[in-house]
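Worksheet for the structure shown next.
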Amino acid sequence: MSKGYDHHAIESKWQAYWEQQRPFKASEDLSKPKFYCLDMFPYPSGSGLHVGHLEGYTATDIVSRYKRMRGFNVLHPMGWDAFGLPAEQYAVKTGIHPAITTAENIATFKRQMKRVGLSYDWERELSTTDPQYYRWTQWIFLKLFERRLAYVAEVPVNWCPALGTVLANEEIIDGKSEVGGFDVIRKPMRQWVLKITAYADRLLEDLKLVDWPPSTLEMQKNWIGRSIGAEVDFVLADRKGVIRVFTTRPDTLFGATYMVLAPEHPLVDVVASEEQKAVVQTYRETAAKKSDLQRQELDKEKTGVFTGGYAVNPVNDERLPIWIADYVLMSYGTGAIMAVPAHDERDWAFARRYDLPIREVISGGNVQQTAFTDTDCDRVVNSTTSDGSFSIDGLTPSEAIPKITEWLAKQGKGTRAVNYKLRDWLFARQRYWGEPFPVLWVGGEARPLPEEQLPLVLPETDNFKPSGTGESPLANLDAWLTTIDPATRQPARRETNTMPQWAGSCWYYLRFIDPKNSTQLVDPIKERYWMPVDLYIGGSEHAVLHLLYARFWHKVLFDIGVTSAPEPFLKLVHQGIVLGEDNQKMSKSRGNVVNPDEMIDQFGADAVRLYEMFMGPLEAMKPWSTRGAEGVTRFLERVWRLMVDEQGRLSTAIVSTAPSLDHQRLLHHTIKKVTEDIEALRFNTAISQMMIFTNEMTKAPQRSRSVIEPFVLLLSPFAPHLAEELWGVLGHQPSVSQQSWPIFDPAMTVSERLTIPIQVNGRLRAKLDVAVDTSRDAIERLARAEAAEWLQEKEPKKVIYVEKKLLNFVI
RNA sequence: GCGAGAGUGGCGGAACUGGCAGACGCGCGAGACUUAGGAUCUCGUGGGCAACCGUGGGGGUUCAAGUCCCCCCUCUCGCACCA
C-alpha cells in the first residue's frame, strides 16, 4: 500500500504539537501591532458543534493564522456562554445539576474545536458560569445600580397558573405552555429593569462608527425606532385634565376629528361619561384578556368604543370626541393619539368603521377614498386659526411641521419631542441557572452588596423546580435567602431573580483581554492595547439583542472609564446559514443534519475546513454537499502528491533550480489573489486560485522549491495540518505558523503577453495575442486584418481602444 | 404593508471601479494507464446543425450592461396598528 495523504495521522500529530508548543498564545508584548479576532462564543448545547458554527470559526481561524504570519499580535480566544435555560430544564427533568451537564457539553465542544485545528489561545478560555467570571458581571450590575441604570418596576411576566411558574417567551407556544399545554397569562411582577433607553441616542448615533452589514445596522436602527415630532396637550372639555399625545405630524393638527386613548390609559376613568361607563369597562376587560399576539393580529378590523368624553383641539377649540381602541398602544408614545383620518391609514380605517368625520388638511389626495400620507410635494390647507392670527396654509408639510411646533411651544400647548420604540430592558429571570443579583432587600428597599463580597455565588441545591410563587428556585433555599445587611446589621432577604443569559455575553470580549485579573475587570493598559475588536463573526440571529445589549454595557463601561473605545466591535460579519443537502434548514426531524465529527472522520479536518470555506461566500446561505467535500479532498490529495512520492518521501519532481518565468508569475499572481481575498474574507475565491496553482504544478515535471514553498505557506491558514506536514517533508523545522507570509512582486503579476478581444459593434469577433508593449496602432492594424470579414471593407465610424483591455470597431 | 439583501449552466458558485459571461469545484461525456476502477491522469462540457441566442421579466443610457437608470416579478431575512 502506498503512503498517500493520511489525514488521521497528520492531523493528530500536529494537534498534539500545537497542544504542547502553544504557538497561538497572544503575546504580552504590547509594542507589536495587534489584531483582535473574535467569534461569538457558543452556548454549549448537548448536541455538540454544528457545521454552521464551524463556518464562522474557520473564517476567523484563517484570518488569525494569516494575521500572525503578517506579524500581528493576534488575540483569538474562545469561551462559553454557559448559563441558560436548556441545562436548567434538563436538571428539572433528571435532577442532574446544570453545572455537570454544562461541564460535559463544554468538554465536547472543546474536543471538537481542537479536532478542527482551530488556533485559539486556550489559556484565555472562560465560562460565564465561573464565579471568577460572573463576579465581574455582578460588579457591572452594581455600577449600573449606582448610576440608577438598574431599577425595579412592576412588569408583566408570563405566568402559568397550572405549572405555578413564570415562563420564558421561548417556553410558550401559541399562548400555551410548551410543557403540558396549559394557559399562560400576563401578570405584573416586581422585576429588575435596565435603563437602556437612556443610551438610545448614542446607540443610534455611534452606528456611524462601525463597519457592519447594512441589514444589521438597519435592524438596530429600527429597534431603537427614533422618531421626531411633537407632544401636544389637549385640554378635556367638561372636566379637569389634559390628554398629551405624541405625533410625528403636527402639521395635520387642524385635521384632527377625534382622539383615542389606549384601553389601559389612566385617564379613561376620568373621561368616561356615566352613560358610557359600562361599555367602556367591558371593552377594557376584553382588551386585557387578549394576548399580545391577538392584539397584533394583522388585517383585523379595528375596534373601539366612545367614552362619552370630549377634549379641545388647541388650534381651533373644536370639541373632539374621545374614544378608546386597542390599536393605540399604551407602550408607545403617551398611549394617546389625536386622530387625523384624512392623513393616517389607521385613523382613516377607524373613522370609516365608526362614521367619524374625515377632514382634509393636506391637498393632493382623495381623502374620501383613502388616507393621503404623502409629505413631499403637497400643500397644507384649511389650517388657519379662527381669528386668523396663525396659519400654515400653503406651506409644504415639512415646512409646516417646525412652524406649528414652534407656535404650540409659544402658546404653552406643546413641545418638540423625540420618541423611541426601544423599551427598557427587562433584566430578571425567575430561574436558578443564572447569575444571582448582588442585591439585598431590607425593609422593602434594595441595597447593593458591597463589592468586597463579590462574587455572590450561586448556592448549591438539588431542587431546580420553581418555587410555586412565581419566584425562582432560589426562593426555596432559606439558608441562603435570609441574611444580615452588612451596612445596617438588619435582617435582609436576598434577591431571588437571576440575570438573563444576555448578561454574561455583554462583556466577555473584555475579559478575554485579561482573563485572570482578580482585582480588576480588565487592566486599562491591556484594554487600550487590544480594544476594539477588529473582526467579530457570528450568526445574524444576534443582530439585534446581543449586539445592542453589549453595545449598551460597553457605553456604560466607557462612561465609568473601564473601556477606552466608544464601540466594542469595529467590523462585524454574519456567516450564512448552512442548509442540508436537500436545500432545507438542517433539523433532526428532517434527518438532514450534517455531523462535523463524521465529516472529519471521513475527509479530515483540513478538508472540512476547506470545504466550509469553498461552499460559497461567507455571508450567503448555502447548502452542504458531501460531494463538494470530496472535491476539496481531491484537491488536498493533489497538493500532497505535488511534493510527496508514493513511498512518502520528498518527490523527485521537487527541484532546487530556478523556476520558469511562467511558474514565477503564477506564484506571484496566486500570492496576490490569496492575500487580497483573505483580507476581504473571500475565502472561496482564494481556494479557487490555489486550485489553479495546483493544477498547473501537477502538469509540470519539475517543481521548483522557490514556488512550492511559498505556496505551502499560502495554504497553511486554510489547511494547517497538511501545511505543517508538507513543510516538514520539504525539510524545514516547524512551524509554518512562525513563517512570514509570502509577499508578491507586482512586476511578476503582469504577464508579457496579452489577449485583446476584438469587437465589431460590441460583438466579439476575434482575439489577438500580442506582447504587452504592442502599440495601439499595431494592435489596430492586426485587428483590422483579423476582423476584415466583419468590417466588409468599410471604414469604421469609430474605433474604441481600451488600454490593454479591448478594441471595438463601430461601423 | 415597510425596510434590508439576493435572483447567472444540470448543481454550488466566479466576473475588482461598465470592457472576452460562466473562473474554480461538483456532476456528466470521451480517452489514457489498468485484470479491474467508485483510484489517478488528460481532454471536453450554457443553448442551438447554423446564423445566432443567452445573467428573473420589460423598457432605457452607452461604442460596450450580469454590472448604471426606470417599471415589474420571485425568493430570503427582519419589523409589523410605533401615532
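The values are calculated or read from the model by the stated rules, or taken from the named source; none is laboratory data. Keep in mind that this is a model prediction, so the values were computed, not measured. FYI the Cβ positions are ideal-geometry reconstructions off the backbone, even for glycines, and counts take in every protein chain you see. The area values use the complete protein model at the heavy-atom level, side chains included, leaving out ligands, DNA and RNA. Shrake-Rupley method; radii C 1.70, N 1.55, O 1.52, S 1.80 Å.
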Filter the range A:65-103 for residues that are touching a residue at least 40 places away in the same chain (Cβ under 8 Å), open to solvent by 40 Å² or more (accessible area, probe 1.4 Å) and of a type in the set (Val, Ile, Thr) and give the result. A:Val92
Which of (1) of a type outside the set (Phe, Trp, Tyr); (2) surrounded by fewer than 14 Cβ atoms within 10 Å (Cβ to Cβ); (3) not in a strand (DSSP E or B) does A:Val418 not meet, given it meets every other one? (3)
Taking the options A:Phe145, A:Phe141, name whichever one is surrounded by 15 or more Cβ atoms within 10 Å (Cβ to Cβ), in contact with a strand residue (DSSP E or B) (Cβ under 6 Å, 6 or more places away or on another chain) and touching a residue at least 60 places away in the same chain (Cβ under 8 Å). A:Phe145
Scan of the range A:768-778 for residues that are assigned to a strand (DSSP E or B) and in contact with an Asp or Glu (Cβ under 8 Å, 6 or more places away or on another chain), ordered by number: A:Leu768, A:Ala771
Can you find a residue in the range A:349-370 that is open to solvent by less than 40 Å² (accessible area, probe 1.4 Å) and within 34 Å of the chain's Cα centre (by Cα)? no
All strands (runs of 3 or more DSSP E) inside the range A:423-502 with 1 or more residues being buried (at least 17 other Cβ atoms within 10 Å of the Cβ) and touching a helix residue (DSSP H, G or I) at 6+ places or on another chain (Cβ under 8 Å): A:439-442, A:445-448, A:491-494
Listed residues A:Ser735, A:Ser740; which is at negative phi, open to solvent by less than 40 Å² (accessible area, probe 1.4 Å), among the hydroxyl-bearing types (Ser, Thr, Tyr) and under 45 Å from the mean Cα position of the chain (by Cα)? A:Ser735
Considering each of A:Leu666, A:Leu713, A:Leu726 in turn, give the residue that is within 15 Å of RNA strand B (Cβ to nearest atom) and either within 34 Å of the chain's Cα centre (by Cα) or part of a helix (DSSP H, G or I) (or both). A:Leu666
If you scan the range A:206-257, which residues turn out to be assigned to a helix (DSSP H, G or I), among the small types (Gly, Ala, Ser) and either open to solvent by 10 Å² or more (accessible area, probe 1.4 Å) or more than 13 Å from RNA strand B (Cβ to nearest atom) (or both)? A:Ser215
Can you pull out the residues in the range A:794-810 that are open to solvent by 50 Å² or more (accessible area, probe 1.4 Å) and farther than 16 Å from A:Ser751 by Cα? A:Lys794, A:Glu795, A:Lys797, A:Lys798, A:Ile800, A:Val802
Quick check, is A:Leu791 open to solvent by less than 60 Å² (accessible area, probe 1.4 Å), over 46 Å from the mean Cα position of the chain (by Cα), free of Cβ contacts under 8 Å to residues at least 60 places away in the same chain and within 14 Å of RNA strand B (Cβ to nearest atom)? yes
Residue count for the range A:33-71, restricted to those that are out of contact with any Ser or Thr (no Cβ under 9 Å at 6 or more places or on another chain), part of a loop (DSSP other than H, G, I, E, B) and under 20 Å from A:Lys571 (Cβ atoms): 1
For strands (runs of 3 or more DSSP E) lying entirely in the range A:99-195, having 1 or more residues that are among the charged types (D, E, K, R) and at pLDDT below 95 picks out A:150-160, A:185-194
Number of positions in the range A:797-811 that are touching a residue at least 24 places away in the same chain (Cβ under 8 Å), under 15 Å from A:Asn761 (Cβ atoms) and not in a strand (DSSP E or B): 1
The condition from (1) open to solvent by 40 Å² or more (accessible area, probe 1.4 Å); (2) in contact (Cβ under 8 Å) with a residue 12 or more places away in the chain; (3) not hydroxyl-bearing (Ser, Thr, Tyr) that A:Ala342 misses is numbered (1)
Go through the range A:606-618 residue by residue and tally those that are open to solvent by 40 Å² or more (accessible area, probe 1.4 Å) and more than 8 Å from RNA strand B (Cβ to nearest atom). 0
Restricting to the range A:479-497, give me the number of residues that are at pLDDT below 90 and not aliphatic (A, V, I, L, M). 2
Give the residue, chosen from A:Val271, A:Val260, that is more than 9 Å from RNA strand B (Cβ to nearest atom), more than 30 Å from A:Ala550 (Cα to Cα) and buried (at least 17 other Cβ atoms within 10 Å of the Cβ). A:Val271
Please go through the range A:535-588 and pick out each residue that is among the hydroxyl-bearing types (Ser, Thr, Tyr), closer than 28 Å to A:Trp136 by Cβ and surrounded by fewer than 17 Cβ atoms within 10 Å (Cβ to Cβ). A:Ser564
What is the one condition in (1) free of Cβ contacts under 8 Å to residues at least 24 places away in the same chain; (2) part of a strand (DSSP E or B) that A:Arg781 does not satisfy? (2)
A:Val594 - would you say it is among the aliphatic types (A, V, I, L, M), more than 12 Å from RNA strand B (Cβ to nearest atom) and open to solvent by less than 30 Å² (accessible area, probe 1.4 Å)? yes
Quick check on this structure: which one of A:Ile687, A:Ile756 is touching a Lys or Arg at 6+ places or on another chain (Cβ under 8 Å), open to solvent by less than 40 Å² (accessible area, probe 1.4 Å), more than 24 Å from A:Thr652 (Cα to Cα) and near RNA strand B (Cβ under 10 Å from one of its atoms)? A:Ile756
Which condition does A:Phe350 not pass, out of (1) within 12 Å of RNA strand B (Cβ to nearest atom); (2) in contact with a Gly (Cβ under 7 Å, 6 or more places away or on another chain); (3) in a loop (DSSP other than H, G, I, E, B), if it passes all the others? (3)
Flagged pairs (Cβ under 8 angstrom, 6 or more apart or on separate chains; first in the range A:354-374, touching a residue at least 24 places away in the same chain (Cβ under 8 Å); second polar (S, T, N, Q) and open to solvent by 70 Å² or more (accessible area, probe 1.4 Å)) are A:Ile358/A:Gln368; A:Arg359/A:Asn382; A:Glu360/A:Asn382; A:Val361/A:Asn382; A:Phe372/A:Asn366
